[in-house]
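Let me begin by presenting the structure, written as structure tokens, before commenting on it.
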Amino acid sequence: MDFATRPSKIKYDDIIALNIKHSKTTRLVGYLQHLEKNVLLSDRIPLDTITVPKQISKGYSQTRGVLYLLLGGICAFDHNADKIILSECGTTMYQPSFGLFDRITYTSDPIVQKSTVRLLHEFLNYDVNIITPFENNTKSEMFASSRRNDYLKNTHSCISSRFGCNLGCCYGCMIRRIGFIVAGVDDCDYKYDLFTLKDGQRIDYYGKSTSDGRITNFMELMRFSLDILCDYKSLDPMKRKRIDQYGKYDLFRRFALDTFSTLLLIRNSGKKKINPRIESSYIDAMKYIDEDEIINRIDYVRSLKGG
């Protein structure tokens, strides 16, 4: 954990932050300005911005990681640097399929990293190392160990940037919320509370749909997490393929504990009434999970301190 918690400015001496800005995406400007003013400038870290075409769906969205890392490499080349620091947590980098029809995001996948290094060598005759300090950390561990975790609430994780906020029900928001709750770090406000949505509730920000599919997606994550903890060998090979390929069972076991730790903490707070389907699934799952292990997991994560 020492590598992950040491401030980048101390470990690497000279740091440049890079913002890849999609054209016509103005809703996130406030996030960036806040972080630049309150975090980067105070640590004397300059910010570069490169503008790219607007985001579109399908192929471009799945290959944007190559674009981001290539631009990071070009920026590093321009500054005569030999490293790119990719601050992605492992559960996103190695994201498995939680359901049989689940689509995986490859933005920071090791395949993308290797392809980027190869392309930079081919195009620029330039060799760069991509450093991934959080690749063996869950989101909760990453948040808890952050030196500036009081500013993490001023970040954006949602799959959509159209509304300039975190909506609360996509995969990015889902694991963000799990990370914040388990780490015990102050989070932002969301348009929707994934855990307390009612069945059939309209969630207009998601294309005038209802909550049913979003709740089901979280329950698929619960089922995946239960199988990781209790019955990994019988888990569908498609779901465990990436975990086995990269040797990340321990990482996703901790992530699975975080999933149930989140629900335990929400229930114990007594402040919210959890969706009945999620509540029922949690009660059934806890017949097979040691609650003491969940409590120990929460204590461990919250004992981590940023360097």
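Greater than 30 Å separation of Cα atoms is the criterion. Which listed pairs, Lys24/Lys305; Lys139/Lys272; Lys21/Lys191, meet it? Listed pairs above 30 Å: Lys24/Lys305.
Placing unit charges on the Cβ atoms of the charged side chains and taking the dipole of the range 199-307 about its Cα centre, the candidate lying farthest along the positive direction among Leu263, Ile294, Gly200 is Gly200. Amide H contacts for Lys21 (H built 1.01 Å from N in the peptide plane; partners 5 or more residues away or on another chain; cut-off under 5 Å): Ile50, Thr51, Val52. Volume per residue of the convex hull around the Cα atoms, evaluated for the range 178-303, comes out as 130 Å³.
For the chain, the residue among Val112, Gly73, Met219 whose Cα projects farthest onto the positive side of the dipole built from Cβ charges is Met219. Just the Kirkwood number for the chain, please: inverse of mean 1/r across all distinct Cα pairs, in Å, one decimal. The answer is 20.5 Å. Counting neighbouring Cβ atoms within 10 Å and putting the fewest first, the residues Met219, Met286, Met93 line up as Met286, Met219, Met93. For the chain, the Cβ-based charge dipole about the Cα centre amounts to some 860 debye (Lys, Arg positive; Asp, Glu negative; other atoms uncharged). Going from the fewest other Cβ atoms within 10 Å to the most, the residues Lys54, Lys248, Lys153 appear in the order Lys54, Lys153, Lys248.
Ordering His79, His156 from the fewest to the most neighbouring beta carbons within 10 Å gives His79, His156.
The loop-placed trypsin sites (Lys or Arg not before Pro) in the range 174-206, going by DSSP, that have at most 16 neighbouring Cβ atoms within 10 Å of their Cβ come out as Lys191, Lys198. Take the chain and mark each of the chymotrypsin sites (Phe, Trp or Tyr not before Pro) that is in a DSSP loop with at most 11 other Cβ atoms within 10 Å; the longest unmarked stretch, sites excluded, is 164-287. Counting only DSSP beta bridges with both residues in the chain, what percent are antiparallel, rounded to the nearest 5? If I count the DSSP bridges inside the chain, around 20 percent turn out antiparallel. Each Cα pair under 8 Å and six or more residues apart adds its sequence gap; the mean of these over the residue count of the range 178-303 is a relative contact order of 34 percent. Over the chain, Cα pairs under 8 Å with separation of 6+ residues give a relative contact order of 19 percent. Looking at the square roots a ≥ b ≥ c of the eigenvalues of the Cα gyration tensor of the range 244-307, which shape do they give, rounded for a/c under 1.5, prolate if a/b is larger than b/c, or oblate? Cα axes put the range 244-307 in the oblate bin.
For the range 79-176, the relative contact order is 28 percent, taking Cα pairs closer than 8 Å that sit 6 or more residues apart in sequence and dividing their mean separation by the residue count. Positive contributions from Lys and Arg (+1) and negative ones from Asp and Glu (-1), summed over other residues with Cβ under 15 Å from the Cβ of Asp199, come out at +2. With the simple model of a label 7 Å out from the Cα in the direction of the Cβ, Asp212 to Glu293 spans 3.4 nm.
Only the coordinates and a few stated rules stand behind these numbers; no lab work does. These numbers were taken from a predicted model, which means no experiment stands behind them. Positions of Cβ are backbone-derived with ideal geometry, glycine not excepted, and every protein chain shown enters the neighbour counts.
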